[in-house]
Amino acid sequence: MATTTATLTLSSADLSSQALSITATQTLYKAGTTTGLDQTTGLNKVIYAAAQSNATLISAGDYEDNTAGKVYIKNVGSSSKDYFTIELGGSNIVIGRLYGGDFMFIPYEGEQDIDITSTTTSMELEYIVIFQAA
Amino acid sequence: MATVTAAITLTSAVGDLLTDALALSDSTAVTALHTSGLARTKISATAAGASASTIYTADDYAAPCYMYVKNTQTTSSHYIYIYNDTTSGDPVEFKLAGGDWAFFPTNADKTLRAYGSSANHVIEWMVFGTEN
């Protein structure tokens with residue numbers, strides 16, 4: 001069985017009067033099981049020469065519905081002003097903005113596209129999908 | 001201003017997910033002024049609606065912020081659904097299996113609420129951002 005582990009650490013010495021130190025680890029399982037996810041897109045890098053509007057980054061058609069994939073997306077740029085807006089589905093429900101250097105890690109059921117809108121030209125992102133077949 | 005560092009690693013040994021090892025490591029430093037602190041609650045609702053648990057209220061922050069959410073259940077089929085309560089139709093944004101966590105930015109102008117696949121699932125979450 002494939003075992004893939006994701007660990008997040010949140011830390012701060014000065015956000016509050018007490019130090020912040022949170023660590024969360026998960027093993028990436030197929031939906032409703034303790035069997036590991038066994039497929040991946042690999043780490044993709046995409047360079048957008050032109051600004052994008054609701055462009056498909058991850059197509060739900062490539063994945064089985066009602067599964068338990070995971071998605072990591074990173075804005076590779078360094079700008080604190082330009083960002084990618086990450087959106088879900090045909091209605092482009094906005095999840096949030098990734099500014100330069102930001103990343104996100106979310107579960108993905110494979111039922112809706114993940115789209116992006118970018119604020120300017122020559123922006124880059126990286127993403128990986130870890131998923132299961134039916 | 002304070003700094004919150006968010007760091008992620010994705011790892012898999014040789015011959016597991018891939019024939020080679022997977023070792024992805026990344027971090028970002030977020031300039032932050034405010035935080036909800038790490039919160040935890042038992043979710044009674046099993047569908048979207050007034051009894052669902054609010055984990056972020058629209059416009060509590062005036063600028064994009066960041067969220068960490070974790071389904072603390074130990075059974076993978078015990079799901080927690082995070083939905084957008086501001087947008088018509090209450091679209092589900094994330095379905096967290098037991099043990100799963102997510103980290104993502106949010107535009108801060110939408111209320112996010114949670115319900116479980118059955119009652120009494122426990123969620124933990126934290127919001128931090130540059131303004132309130």
Legend entry - For B:62-69, mean number of other protein chain Cβ atoms within 10 Å: 3
Legend entry - As computed over the range A:1-95, the Cα convex hull volume per residue (Å³): 172
Legend entry - Least to most buried among B:H78, B:H121, B:H34 (fewest other Cβ within 10 Å first): B:H34, B:H78, B:H121
Legend entry - Loop-resident sites, the range A:17-85, for trypsin sites (Lys or Arg not before Pro), counting at most 16 other Cβ within 10 Å (DSSP): A:K81
Legend entry - Principal axis dimensions, the range A:49-112 - Cα atoms, whole angstrom, descending: 36, 21, 20
Legend entry - For the range A:94-133, alpha-carbon Rg relative to the globular expectation (2.2 N^0.38 Å, N residues): 1.33
Inset, instruction - For the range A:62-134, calculate the relative contact order in percent as a whole number, restricting contacts to Cα pairs under 8 Å that are 6 or more residues apart. - result: 48
Inset, instruction - Return the lysines within reach of A:K70: Cα separation strictly under 26 angstrom, same-chain partners fewer than 8 residues apart disregarded; answer none if there are no such residues. - result: A:K30, A:K45, B:K42, B:K70, B:K95, B:K110
Legend entry - Average Cα contact separation per residue, chain A, under 8 Å, 6 or more apart, as relative contact order %: 32
Legend entry - Relative contact order of chain B, defined on C-alpha pairs under 8 angstrom at six or more residues apart (%): 34
Inset, instruction - Within the range A:104-134, find all residues whose amide N lies under 16 Å from a label point positioned 7 Å from the Cα of A:T41 along Cα-to-beta-carbon. - result: A:104-118, A:124-133
Legend entry - chain B: equivalent-ellipsoid semi-axes (sqrt of 5 x gyration tensor eigenvalues, Cα, Å): 26, 22, 12
Legend entry - Cleavage-rule hits (GluC sites (Glu not before Pro)) in the range B:32-132: DSSP loop, at most 13 neighbouring Cβ within 10 angstrom: B:E131
Legend entry - Net length gained if the chain between A:K81 and A:N66 were fully extended (0.36 nm per residue, minus Cα distance): 1.8 nm
Legend entry - Cα-based equivalent ellipsoid, the protein assembly as shown: semi-axes from gyration tensor eigenvalues, Å: 24, 23, 20
Legend entry - Farthest positive-ward along the protein assembly as shown dipole, Cα basis, beta-carbon charges - from B:S117, A:I95, B:S25: B:S117
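Just so you know, all these numbers are worked out from the coordinates, no wet-lab data involved. The shown structure was predicted, so the numbers you read here are calculated from the model rather than taken from an experiment. FYI the Cβ positions are ideal-geometry reconstructions off the backbone, even for glycines, and counts take in every protein chain you see.
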